[in-house]
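To start, the structure under review is shown below, and the notes come after it.
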There are 2 protein chains.
Amino acid sequence: MRIVIAGAGAMGSRFGVMLHHAGNDVVLIDKWREHVEAIKKNGLSANINGQRSTTRMPIFYPDEIASNSTPADLIIVFTKAMQLEDMLQSIKPLLGSETMVLCLLNGLGHEDTLARYVPKKNIVLGITMWTAGLEGPGKVKLFGTGEVELQNIDAEGEKHAKKIVAELRNAGLNGVYSSNVKYSVWRKACVNGTLNSTCTILNANISELGATTEAIPILKAIISEFAAVAAKEHVILDQKEILQHVVETFDPNGIGLHYPSMHQDLIKNNRLTEIDYINGAVARKGAAYGVPTPYCALLTELIHAKEQILKAK
Amino acid sequence: MRIVIAGAGAMGSRFGVMLHHAGNDVVLIDKWREHVEAIKKNGLSANINGQRSTTRMPIFYPDEIASNSTPADLIIVFTKAMQLEDMLQSIKPLLGSETMVLCLLNGLGHEDTLARYVPKKNIVLGITMWTAGLEGPGKVKLFGTGEVELQNIDAEGEKHAKKIVAELRNAGLNGVYSSNVKYSVWRKACVNGTLNSTCTILNANISELGATTEAIPILKAIISEFAAVAAKEHVILDQKEILQHVVETFDPNGIGLHYPSMHQDLIKNNRLTEIDYINGAVARKGAAYGVPTPYCALLTELIHAKEQILKAK
């Protein structure tokens, strides 16, 4: 299969390497200069569960995609949420009438963006539980195991989604065909919407927030806003299960001492956050549906204010 | 007049010194050990508009007030909002049936606390535009000029309030009898409710917050919650005027580079904040009146979470 990884950061690199090793013709696209140049020069160096290997794969900048490029069989988009639209614009030549697009981005609303570039029958949504880390330009660390849950968004696309599942299984990426990926996407967004924004605004790790008397009331309010908006899209979130799941992450012997990724983006690395696709998406959808979402709205406003105060890029 | 200053920090010291110099018999009460001991030993040292003087006045700890003390003519309470109840409890012996109590604390709801200790006819509410700074234990810096606006909360108390106005004028403290002090108290609380909580949570000065695209929407939402709750108490806030006033403080050539007092309390000095008497009071009153106040509620929760994360005292 001719597979394009659009956004070849840590996670995109994992998928690229594993799909390449399974015999696919994999092309990477990314715009981080040092990373692209390192891979062009030396190949992608991966530490996979302690074993280092180097994989040579073609890598391009988005603006290097020629207008007469051959369309891909499958494009997996792995950009930051706010870079999806730009990426789709750049890779238009790779989008043929039969090109399947698998979107594994965090957050909500990506299918609307995708639908502006890709026929609905070719769009497959998913979430992944794999992890991946960057050690530096051209170097990734791929530990542990995971899974990819996915589903077509249009009934016509079922055969496409199942073909992708098979391809991912073949590469050891544990693809699973989901009967309700919309639920999984909403659930994951809701989980992300609780700790990411709050720990970032409070400059706290998960345990520190969890130890306060305010954590539960705040998280409950956020989850109930996600649930109210999700219900308008015919997704009935299990609020109790989600709260329970989030509360379990408070444990300092588990992941409690970690800072959520939004904190790492904004406070540690001074980067813009994905807030508009998490709490911000709920506030925007809530406004459109006439569902009050003040906690999501204020958290989104505070995160954007903090981005501007810190001059994040 | 026998006047007791209950809470003799910077502002209480200003009132104490000026009322003493006007010939009143002034007694200070405070619980900050170093400050009390310094004043007991050396008197209160004040730098008044550049001129230093020392004033000897009796000063006591709250628990030194003997049960057979002579009631005061006037008690001016100047504690932190959360210390008011404890202070009233301690100074009960000083509260006679004719003792007037003037409350100049920031925030909302103090009249309810006062009414548990003082007959309504003796309660006078006010706000002050004087400023005062602490240079260290027993040393205050009193620059600029100001005013005290006050009013009885009970029709019967008008003569008391006017007597206090006269006493304050006599001491150069520019007392003004207000025809609507409730409006002034709500307006001041609303102004405090905009920048204090937001700048504290964002760790930003006024100009930094003001320069963000999010400042106006957040401030508007907060002001509208204050206004909706105030209306339930028959106070009709001028939201446009308040927003305009707050926006004027963004100017870095004015007070824009300052951090609001709540930021100084929590972030600089690691002290508990008065949030429960500002945004927290609106959230509490809103819940009681059935008026939604989610922005005030979430800001209160975030500030309390931050207090706990920082182990503020």
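The values are calculated or read from the model by the stated rules, or taken from the named source; none is laboratory data. Predicted, not measured: the structure shown is a model, and the values here were computed from it. Please note: Cβ atoms are built from the backbone with ideal geometry, for glycine as well, and neighbour counts cover all protein chains shown.
Could you count how many residues in segment B:142-156 are more than 24 Å from B:GLY23 (Cβ to Cβ) and surrounded by 14 or more Cβ atoms within 10 Å (Cβ to Cβ)? Before you say what the answer is, go through the steps one by one.
Start the filter on segment B:142-156 by keeping residues that are more than 24 Å from B:GLY23 (Cβ to Cβ), which leaves B:151-156.
If we keep only those that are surrounded by 14 or more Cβ atoms within 10 Å (Cβ to Cβ) too, we end up with B:151-154.
So the answer is 4.
All but one of (1) in contact with a Cys (Cβ under 6 Å, 6 or more places away or on another chain); (2) in a helix (DSSP H, G or I) hold for B:LEU125, so report the exception by its number.
Here B:LEU125 clears every test but (2).
State the number of residues belonging to segment A:80-93 that are touching a Lys or Arg at 6+ places or on another chain (Cβ under 9 Å) and not small (Gly, Ala, Ser). So that I can check it myself, show each step before the final result.
Initially, segment A:80-93 is screened for residues touching a Lys or Arg at 6+ places or on another chain (Cβ under 9 Å), giving A:80, A:83, A:85-88, A:90.
Adding the requirement that they be not small (Gly, Ala, Ser) leaves A:80, A:83, A:85-88.
Matching residues across segment A:80-93 total 6.
Report yes if A:THR249 is within 12 Å of chain B (Cβ to nearest Cβ) and either touching a residue at least 60 places away in the same chain (Cβ under 8 Å) or more than 21 Å from A:ALA231 (Cβ to Cβ) (or both), otherwise no. Don't jump to the end; show me each part of the working.
Details: within 12 Å of chain B (Cβ to nearest Cβ): no; either touching a residue at least 60 places away in the same chain (Cβ under 8 Å) or more than 21 Å from A:ALA231 (Cβ to Cβ) (or both): yes.
No, not satisfied.
Has segment A:112-122 got at least one residue that is of a type in the set (Phe, Trp, Tyr), part of a helix (DSSP H, G or I), free of Cβ contacts under 8 Å to residues at least 60 places away in the same chain and at negative phi?
At the first step, the residues of segment A:112-122 found to be of a type in the set (Phe, Trp, Tyr) are A:117.
If we keep only those that are part of a helix (DSSP H, G or I) as well, we get none.
Checked against the condition, which is being of a type in the set (Phe, Trp, Tyr), part of a helix (DSSP H, G or I), free of Cβ contacts under 8 Å to residues at least 60 places away in the same chain and at negative phi, segment A:112-122 yields no hits at all.
Given A:GLU274, A:GLU233, which one is out of contact with any helix residue (DSSP H, G or I) (no Cβ under 7 Å at 6 or more places or on another chain), in contact (Cβ under 8 Å) with a residue 40 or more places away in the chain and not hydroxyl-bearing (Ser, Thr, Tyr)?
On the way: A:GLU274 fails: out of contact with any helix residue (DSSP H, G or I) (no Cβ under 7 Å at 6 or more places or on another chain).
Going through A:GLU274, A:GLU233 in turn, just one is out of contact with any helix residue (DSSP H, G or I) (no Cβ under 7 Å at 6 or more places or on another chain), in contact (Cβ under 8 Å) with a residue 40 or more places away in the chain and not hydroxyl-bearing (Ser, Thr, Tyr): A:GLU233.
Looking only at segment B:273-313, filter to residues that are away from chain A (no Cβ under 12 Å) and acidic (Asp, Glu); which one of those is surrounded by the fewest Cβ atoms within 10 Å (Cβ to Cβ)?
Among those residues, the one meeting the criterion is B:ASP276.
For segment B:155-248, list the helices (runs of 4 or more DSSP H) that sit wholly inside it and hold at least 2 residues that are not assigned by the TED database to the domain that holds B:LEU125; which are they? If you could, list the steps in order and put the result at the bottom.
On the way: elements: B:158-170, B:181-202, B:206-210, B:215-232, B:239-248.
Hits in segment B:155-248: B:181-202, B:206-210, B:215-232, B:239-248.
Tally time: how many residues in segment A:295-313 are free of Cβ contacts under 8 Å to residues at least 60 places away in the same chain and either at negative phi or in contact with a Gly (Cβ under 7 Å, 6 or more places away or on another chain) (or both)?
Initially, segment A:295-313 is screened for residues free of Cβ contacts under 8 Å to residues at least 60 places away in the same chain, giving A:297-298, A:301, A:304-305, A:307-313.
Next cut, either at negative phi or in contact with a Gly (Cβ under 7 Å, 6 or more places away or on another chain) (or both) only: A:297-298, A:301, A:304-305, A:307-310, A:312-313.
The qualifying residues number 11.
Does B:ASN269 qualify as being among the polar types (S, T, N, Q) and at pLDDT 95 or above?
On the way: among the polar types (S, T, N, Q): yes; at pLDDT 95 or above: no.
No; evaluated as a whole, the condition is false for this residue.
Check off (1) among the hydrophobic types (A, V, I, L, M, F, W, C); (2) modelled with pLDDT of 95 or more; (3) under 14 Å from the mean Cα position of the chain (by Cα) for A:MET129 and give me the number that stays unchecked.
(2)
Mind checking whether some residue in segment A:203-225 is in contact with an Asp or Glu (Cβ under 7 Å, 6 or more places away or on another chain), more than 14 Å from chain B (Cβ to nearest Cβ) and at pLDDT 95 or above? Spell out how you get there, then give the answer.
We begin by selecting, within segment A:203-225, every residue in contact with an Asp or Glu (Cβ under 7 Å, 6 or more places away or on another chain); these are A:214, A:217-218.
In the following step, the residues that additionally are more than 14 Å from chain B (Cβ to nearest Cβ) were identified as none.
No, segment A:203-225 contains no residue that is in contact with an Asp or Glu (Cβ under 7 Å, 6 or more places away or on another chain), more than 14 Å from chain B (Cβ to nearest Cβ) and at pLDDT 95 or above.
How about segment A:35-52: which of its residues are closer than 23 Å to A:PHE143 by Cα and of a type in the set (D, E, K, R)? Outline the logic, then answer.
To start, the set of residues in segment A:35-52 that are closer than 23 Å to A:PHE143 by Cα comprises A:35-36, A:38-39, A:42-52.
Once the filter is applied, which keeps residues that are closer than 23 Å to A:PHE143 by Cα and of a type in the set (D, E, K, R), segment A:35-52 yields only A:ARG52.
Matching residues to (1) in contact (Cβ under 8 Å) with a residue 60 or more places away in the chain; (2) assigned to a strand (DSSP E or B); (3) within 24 Å of A:TYR117 (Cβ to Cβ); (4) not assigned by the TED database to the domain that holds A:GLY126:
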residue: A:SER13; (1), (2), (3), (4): yes, no, yes, no
residue: A:VAL27; (1), (2), (3), (4): no, yes, yes, no
residue: A:ILE39; (1), (2), (3), (4): yes, no, no, no
residue: A:VAL101; (1), (2), (3), (4): no, yes, yes, no
residue: A:LEU105; (1), (2), (3), (4): yes, no, yes, no
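So, B:GLY280, is that one over 17 Å from A:LEU299 (Cβ atoms) and in contact (Cβ under 8 Å) with a residue 40 or more places away in the chain or not? Let's see the steps before the verdict.
Numbers: over 17 Å from A:LEU299 (Cβ atoms): yes; in contact (Cβ under 8 Å) with a residue 40 or more places away in the chain: no.
Here the answer is no, as B:GLY280 does not meet what is asked.
Please work out which one of (1) in a helix (DSSP H, G or I); (2) closer than 25 Å to B:THR145 by Cβ is the condition B:SER53 fails and give its number.
All conditions are met except number (1).
Quick check on A:VAL140: is it farther than 19 Å from A:VAL185 by Cα, part of a loop (DSSP other than H, G, I, E, B) and either among the aliphatic types (A, V, I, L, M) or not assigned by the TED database to the domain that holds A:TRP32 (or both)? If you could, list the steps in order and put the result at the bottom.
Numbers: farther than 19 Å from A:VAL185 by Cα: yes; part of a loop (DSSP other than H, G, I, E, B): no; either among the aliphatic types (A, V, I, L, M) or not assigned by the TED database to the domain that holds A:TRP32 (or both): yes.
Judged against the criteria, A:VAL140 is not a match.
A:MET129 passes all but one of (1) over 21 Å from A:ASP25 (Cβ atoms); (2) crowded, with 21+ Cβ neighbours inside 10 Å; which number fails?
Only one criterion in (1) over 21 Å from A:ASP25 (Cβ atoms); (2) crowded, with 21+ Cβ neighbours inside 10 Å is unmet by A:MET129, namely (2).
Can you tell me how many residues within segment B:265-313 are of a type in the set (Gly, Ala, Ser) and not in a helix (DSSP H, G or I)? Show your work before the answer.
Of the residues in segment B:265-313, the ones of a type in the set (Gly, Ala, Ser) are B:280-281, B:283, B:286-288, B:290, B:297, B:305, B:312.
Still in the list and also not in a helix (DSSP H, G or I): B:290, B:312.
The qualifying residues number 2.
Every residue in segment B:54-79 that is in contact (Cβ under 8 Å) with a residue 24 or more places away in the chain and closer than 21 Å to B:LEU173 by Cβ, please.
B:THR55, B:MET57, B:PRO58, B:ILE59, B:ALA72, B:ASP73, B:LEU74, B:ILE75, B:ILE76, B:VAL77, B:PHE78, B:THR79
Looking at segment A:55-69, which of its residues are modelled with pLDDT of 95 or more and either touching a Pro at 6+ places or on another chain (Cβ under 7 Å) or β-branched (Val, Ile, Thr) (or both)?
A:THR55, A:ILE59, A:ILE65
Could you grab me the full set of residues in segment A:208-228 that are β-branched (Val, Ile, Thr) and surrounded by 18 or more Cβ atoms within 10 Å (Cβ to Cβ)?
Let us first name the residues in segment A:208-228 that are β-branched (Val, Ile, Thr), namely A:212-213, A:216, A:218, A:222-223.
A:THR212, A:ILE218, A:ILE222, A:ILE223 - these are the residues of segment A:208-228 that are β-branched (Val, Ile, Thr) and surrounded by 18 or more Cβ atoms within 10 Å (Cβ to Cβ).
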